[in-house]
Amino acid sequence: MATVQIQGQIERITYVNDENNYTIAKLRLPGRRDPVTVLGTFPALNPGEELKLLGEWTHHPKFGEQFKVIKYETVTPATARGIEKYLGSGLIKGIGPVMAKRIVKKFGVKALDIIETDIESLSEVPGIGPARIEMIRMAWADQKEISQVMIFLQDYGVSTTYATKIYKQYGKESINIVTNNPYRLATDIFGIGFLTADRIAGEIGVPKDSPLRAEAGVLYSLNELSNEGHVYYPYESLVDKCRDILNIERDMVIKALATLASEQKIVIEDLNTDPEGFRENNKAVYLTTFHVCETGIARRMTALTGAPKQLRLIDMDNAIEWVHQQLHITLAEKQREAVKAAIKEKVMIVTGGPGTGKTTIVKSIINIYERIGKKVMLAAPTGRAARRLAETTDHEAKTIHRLLEFQPQYGSFKKNENDPLETAVVIVDEASMIDTVLMYHLLKAIPLFTTLILVGDTNQLPSVGPGNVLKDLIVSDAFKVVELNEIFRQAKASHIVINAHRINEGQMPAIPQVSKQILTDFYFIKEEDPANVVARILELVKTRIPYRFGLDPISDIQVLTPMYKGIIGATNLNAELQRELNNSRIEVTRGGRTFKLNDKVMQIRNNYDKEVFNGDIGKIAAIDLEKQEAMVNFDGRAIPYDFRELDELALAYAVSVHKSQGSEYPAVIIPVMTQHYVLLQRNLLYTAVTRAKKLVVLIGTKKALGIAVKNDKVRKRYTRLAERIRFLNSYSTRSM
């Protein structure tokens, strides 16, 4: 086809692929009534921009006439309408659609020149005062700087979103830093991984066999492995993995490991303890942070158990009888054992499934300690878990981050060994969620005279972060553990509780017989076709569950799915549920993702500045196009997000089971299909089912359900915590 040149204004952005900047947009051409579709790779594109495009016309059998772009350049909008559209697109903070209309009404086609050369004249526009002028001035200057960065990066396939984040991180040094060491992007910029940084490095001219590349590849590999839960990785396996990723010789990887170890960025530890069983390169490779944390946990836990308990002797039988009277309960044998251990031991672990009385034990422990004048602090890894703990115990509970008083400006916790917590007892709920790094910081802040009580369910999925702390502490056999396995009478009425325990024991869940007159709390809907599963989920969320159970479709019902990809993955389900449940026209699109007013969203990374953490769920309460800011309500806390920070959020109508840990929902819907074969695991299904308070709906096939129930193989996580604790205990025993 013939190559032609056209010029027009971007009407709207239909689609953007964050990975490669492939964009589908609508372009308004002079003399045409309807906008035309243009396809191409654009590093930075905003509605209202005037473009000169070189390309060719094509015809799509479904979508009709389209223009495929080969090359383009931005042209300053020449018409008043074009300038208004350009300024009102959200490109410049401080100018939204309303203000853009006022500016163009006042200055016409000279509006952009006024902003560039005589910005103080904007004070003549109603609603623009000195503060807004300063905001516009800074945004205009930033935009020009960002444009230069984008032009530099466009040849390297970096998306608009990431180019903006690079500029936010490095400012005017962006181009210089990226040129000198592009691998910094992988560690400094959220969302830019090693592969993108490596591609940029290649374009800039960094050789494939560069030591800089090999070292960056090792660090990338260890970080990726930590995302899979590993605290360390075997030396030889790491070498093989790095060779595959980097396509370089073994010697180069070994040299990179040696260099990183000498620079104390990694720790290489010999695992040969028996000279007769010596194996060459039987070593563990740690990122230094994880080595410090794992060894620190072992030392602190050992010291904690070895320190004396500063508590006067009390008659435990009398104390338990007093608890019975205070709480109007009668503790079962295992519960009595746990309460007695909590008073006697320095460290105690309570583990058990739903309905086994963990909350009753915690309430009893709190009552006894406070009765004898001892302070008790309660904590949990997530905000939702902390709130639930506070509600069930009627006692203040905080997230571990708040308990330790995290200081965003310093990136550290205020509470530590130099400024410890002032309390006799610390009780941590949902302890299976605590990863290696957080546990280390918690232990640093606990004085040696304090009693530590960990409460959790080891049959759930392990922590999202690296390590398997609660299980390792139990396996070490160094601490008092009370395992609860009796389901109490009131819990036996719940099919959710009964079936959670059946799943945990490797049995198929018992599906109750139901009718229009009889409701239950556990359903299985047989459906084999993935497209039909999606349709049924939409029907359940939008009409059936709200009608029959009186639950709100957005706030009360949560879809939990094993994975993100595919038709029944979280990504597609979120798009479908957003369309069905939210018809708001107030929206913002960034990086190919659209967020609407009232959308249910989830934070997908820890943001210590905002005190919002990975897995927190909120609701978009406001979208301000002029300020380029979205306000998200997290359980009563209104948190502002600059539009450039929206990649920290994801729609949360459907979330992965891993992300649901520590949360409870009135109702959960769980697709169980053989398409999720790799992730059909018993502990994943068990975790999903135990997230529900009132209703569980499984939808899929009995075959997939059977696979999940039978598959009790837990993915191995490389950690040496239990081994370190056993060694320290045996050493202290030998020293006595």
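The table that follows gives values for the structure above.
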{"read-out": "Residue that is small (Gly, Ala, Ser) and within 24 Å of residue 658 (Cα to Cα), where the choices are 412, 432, 476", "value": "432"}
{"read-out": "First in the stretch 608-622 and touching a residue at least 12 places away in the same chain (Cβ under 8 Å) and closer than 20 Å to residue 661 by Cβ, second anywhere and among the small types (Gly, Ala, Ser) and open to solvent by less than 30 Å² (accessible area, probe 1.4 Å), Cβ under 6 Å, 6 or more apart", "value": "616/383; 617/652"}
{"read-out": "The stretch 525-542: number of residues that are under 18 Å from residue 652 (Cβ atoms) and open to solvent by less than 70 Å² (accessible area, probe 1.4 Å)", "value": "5"}
{"read-out": "Residue in the stretch 80-91 that is modelled with pLDDT of 85 or more, open to solvent by less than 80 Å² (accessible area, probe 1.4 Å) and at positive phi present", "value": "no"}
{"read-out": "Sole residue being within 13 Å of residue 211 (Cβ to Cβ), out of contact with any His (no Cβ under 9 Å at 6 or more places or on another chain) and open to solvent by 90 Å² or more (accessible area, probe 1.4 Å), chosen from 251, 244", "value": "251"}
{"read-out": "Options 25, 78: the member that is of a type in the set (A, V, I, L, M, F, W, C) and outside any loop (DSSP other than H, G, I, E, B)", "value": "25"}
{"read-out": "Residue among 545, 511 that alone is under 18 Å from residue 689 (Cβ atoms), modelled with pLDDT of 90 or more and surrounded by 15 or more Cβ atoms within 10 Å (Cβ to Cβ)", "value": "545"}
{"read-out": "Count - residues of the stretch 624-642 that are open to solvent by less than 40 Å² (accessible area, probe 1.4 Å), in contact with an Asp or Glu (Cβ under 7 Å, 6 or more places away or on another chain) and of a type outside the set (D, E, K, R)", "value": "3"}
{"read-out": "Checking residue 130 against (1) open to solvent by less than 60 Å² (accessible area, probe 1.4 Å); (2) modelled with pLDDT of 85 or more; (3) farther than 30 Å from residue 166 by Cβ, the condition it does not meet", "value": "(1)"}
{"read-out": "Pair list, Cβ under 6 Å, 6 or more apart: the stretch 63-74 residue among the aliphatic types (A, V, I, L, M), other residue part of a strand (DSSP E or B)", "value": "69/38; 69/40; 69/53; 69/55; 70/54; 70/55"}
{"read-out": "Filter result (more than 17 Å from residue 322 (Cβ to Cβ) and either of a type in the set (Val, Ile, Thr) or modelled with pLDDT under 90 (or both)) within the stretch 353-375", "value": "353, 354, 355, 356, 357, 359"}
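Residue by residue, here is whether (1) part of a helix (DSSP H, G or I); (2) more than 30 Å from residue 225 (Cβ to Cβ) holds:
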position: 293; (1), (2): yes, no
position: 296; (1), (2): yes, no
position: 304; (1), (2): yes, no
position: 309; (1), (2): no, yes
position: 314; (1), (2): no, yes
position: 324; (1), (2): yes, yes
position: 336; (1), (2): yes, yes
position: 343; (1), (2): yes, yes
position: 348; (1), (2): no, yes
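The values are calculated or read from the model by the stated rules, or taken from the named source; none is laboratory data. Predicted, not measured: the structure shown is a model, and the values here were computed from it. Backbone-built Cβ (ideal geometry, glycine too); neighbour counts: all protein chains shown. The accessibility values were calculated without ligands, DNA or RNA, using every heavy atom of the protein model including side chains. Shrake-Rupley method; radii C 1.70, N 1.55, O 1.52, S 1.80 Å.
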